[in-house]
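Values quoted throughout were computed directly from the atomic coordinates according to the rules given, and no laboratory measurement underlies them. Quantities reported herein were computed from a predicted structural model and do not represent experimental measurements. Cβ placement follows ideal geometry from the backbone for every residue including glycine, while neighbour counts extend to all protein chains displayed.
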């Protein structure tokens with residue numbers, strides 16, 4: 001598994017709710033490439049609950065949307081926007097769990113539209129949520145000039161997913 005380097009980390013004006021590692025209110029997601037998949041181990045926090053100890057469905061949708069964008073960044077080396085998203089909630093995710101795992105991969109591509117499948121598992125490896133995101137890809141020159149996209153690469157050495165004790169506060 002290789003850690004995907006966040007090319008915007010430290011960029012002035014970068015405040016992504018999903019992946020800015022310094023956002024106090026944000027999700028602070030980190031991504032890894034494992035074969036054809038992009039994966040993320042995320043640590044729920046109580047402020048993201050919808051009901052007592054239950055992860056809000058909108059946060060789950062945001063997690064799915066964010067990892068889908070990183071599939072686009074890494075696998076297509078461009079950016080884009082979510083055109084459509086369908087989420088199916090199978091079982092609750094608890095904010096008291098030490099982590100959840102997200103897996104995302106390309107299902108199909110037709111011209112500039114990419115379908116991405118996302119699966120979210122609790123810390124017991126139970127499938128809790130599935131999402132399908134349809135992403136509209138920007139031409140690479142537009143992604144670079146208008147949206148500050150730059151190369152989305154991985155660290156050269158294999159990485160391990162950070163444990164809860166190593167998670168940023």
Screening 123, 150, 128 for residues that are over 29 Å from residue 12 (Cβ atoms) and outside any strand (DSSP E or B) leaves only 123
Taking first residues from the stretch 89-115 that are without any contact (Cβ under 8 Å) to a residue 12 or more places away in the chain and second residues anywhere that are surrounded by 13 or more Cβ atoms within 10 Å (Cβ to Cβ), the pairs with Cβ under 6 Å that are 6 or more apart or on different chains are 108/115
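Enumerate the strands (runs of 3 or more DSSP E) found wholly within the stretch 6-107, keeping only those where 3 or more residues are within 30 Å of residue 139 (Cβ to Cβ).
Counting at least 3 such residues, we get 32-34, 37-42, 80-89.
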